[in-house]
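The structure under discussion appears below in the form of structure tokens.
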Amino acid sequence: MPNPTLQVIVASTRPRRVGRSVADYIVERFAAHGGFEIEVVDLAEVNLPLLDEPHHPRLGRYEHEHTKAWSATISRGDAYLIVMPEYNHSFNAALKNALDYLNAEWRGKPVAVASYGGVSGGTRAASAITEVLVTLGMIVSNVAVAIPMVQSHLSDGRFVGYPQVDQAIEATHTALLTLTRGLTGA
Ligand SMILES: Cc1cc2nc3c(=O)[nH]c(=O)nc-3n(C[C@H](O)[C@H](O)[C@H](O)COP(=O)(O)O)c2cc1C
């Protein structure tokens with residue numbers, strides 16, 4: 001049986017964001033631990049407009065090509081890791097918009113969060129998005145990554161890990177793989 005597909009969703013879409021370098025670092029670590037086929041889904045590249053579908057997403061009656069393409073992308077995932085910043089004590093708008101676009105594509109699938117920010121490590125944003133993920137019927141990992149003072153762990157624009165964050169990444173990988181295997185039988 002092939003490895004399940006983990007999609008690492010890069011939530012920040014800002015120019016000069018740190019999100020992509022944090023995601024790249026986590027992808028490297030996850031790949032070293034094995035067990036998943038990993039695909040990066042970068043919301044800056046997906047570039048969805050603000051939700052513009054006339055029907056409720058649970059009906060799956062998508063009219064726009066960008067929604068059909070987004071649905072096809074997320075349908076490929078067996079599990080997700082959301083790499084997300086904290087903006088004004090909550091999640092960023094592009095992430096919420098991307099989640100709102102779909103419904104059945106998310107349902108029943110495992111998800112973990114890797115948040116980052118200032119002193120809070122993005123934990124307020126992670127708590128806020130958990131309610132959304134549960135509402136979408138996702139199975140939310142109780143193990144997560146939180147990176148405080150993310151800006152001080154950059155070197156030449158690349159995120160540089162340290163033992164505590166590496167431990168959290170490994171624990172999150174293990175939790176996500178256990179959930180995914182339990183749910184898919186993979
Ligand atoms: C609009 C905005 C709001 C922010 N609000 C918070 C916040 O509430 N808490 C926090 O820890 N950091 C906050 N920050 C700082 C971000 O954590 C930091 O800029 C981080 O690099 C943002 O991630 P990104 O570069 O991947 O977009 C905020 C940044 C922006 C741009």
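Test S12 against the stated conditions and say whether it is within 23 Å of L177 (Cα to Cα), at pLDDT 95 or above, polar (S, T, N, Q) and within 9 Å of the ligand (Cβ to nearest atom). In short, no.
Residue count for segment 77-123 under the criterion of being over 20 Å from F159 (Cβ atoms) and polar (S, T, N, Q): the result is 4. Among the residues here, L81 does not qualify as touching a residue at least 24 places away in the same chain (Cβ under 8 Å) and more than 15 Å from T5 (Cα to Cα). When you look at L133, is it assigned to a helix (DSSP H, G or I) and in contact with a Gly (Cβ under 7 Å, 6 or more places away or on another chain), yes or no? When the stated conditions are applied, L133 does not pass them.
Just to be sure, is A93 open to solvent by 40 Å² or more (accessible area, probe 1.4 Å), over 27 Å from H173 (Cβ atoms) and not acidic (D, E)? Before you say what the answer is, go through the steps one by one.
Numbers: open to solvent by 40 Å² or more (accessible area, probe 1.4 Å): yes; over 27 Å from H173 (Cβ atoms): yes; not acidic (D, E): yes.
Spelling it out, A93 is indeed open to solvent by 40 Å² or more (accessible area, probe 1.4 Å), over 27 Å from H173 (Cβ atoms) and not acidic (D, E).
Name the single residue that is farthest from the ligand (Cβ to nearest atom) among those in segment 95-144 being in contact (Cβ under 8 Å) with a residue 60 or more places away in the chain and more than 19 Å from V46 (Cβ to Cβ). By that ranking, first place goes to G108. Given the options L102, L59, L51, name the one that is surrounded by fewer than 20 Cβ atoms within 10 Å (Cβ to Cβ) and in contact with a helix residue (DSSP H, G or I) (Cβ under 7 Å, 6 or more places away or on another chain). That would be L51, the only listed residue that is surrounded by fewer than 20 Cβ atoms within 10 Å (Cβ to Cβ) and in contact with a helix residue (DSSP H, G or I) (Cβ under 7 Å, 6 or more places away or on another chain).
All of V140, V111 fail the test of being open to solvent by 40 Å² or more (accessible area, probe 1.4 Å) and touching a Leu at 6+ places or on another chain (Cβ under 6 Å), apart from V140.
With respect to the numbered conditions (1) free of Cβ contacts under 8 Å to residues at least 40 places away in the same chain; (2) over 17 Å from the mean Cα position of the chain (by Cα); (3) farther than 27 Å from P4 by Cα, which one is the sole condition not fulfilled by Q151? With respect to (1) free of Cβ contacts under 8 Å to residues at least 40 places away in the same chain; (2) over 17 Å from the mean Cα position of the chain (by Cα); (3) farther than 27 Å from P4 by Cα, Q151 is out only on (1). Residue-level check: of (1) touching a residue at least 60 places away in the same chain (Cβ under 8 Å); (2) touching a His at 6+ places or on another chain (Cβ under 9 Å), V165 misses just (1). Among the residues of segment 155-169, is any of a type outside the set (D, E, K, R), out of contact with any Pro (no Cβ under 7 Å at 6 or more places or on another chain) and farther than 16 Å from Y25 by Cα? Scanning segment 155-169 turns up no residue that is of a type outside the set (D, E, K, R), out of contact with any Pro (no Cβ under 7 Å at 6 or more places or on another chain) and farther than 16 Å from Y25 by Cα.
The values are calculated or read from the model by the stated rules, or taken from the named source; none is laboratory data. Note that the coordinates shown come from a computational prediction; the quantities given were computed from them, not determined experimentally. Quick reminder, even Gly has a Cβ in these numbers, built from the backbone with ideal geometry, and neighbours come from all protein chains shown. Just so you know, the surface numbers come from the protein's heavy atoms only, side chains and all, with ligands and any DNA or RNA stripped out. Shrake-Rupley method; radii C 1.70, N 1.55, O 1.52, S 1.80 Å.
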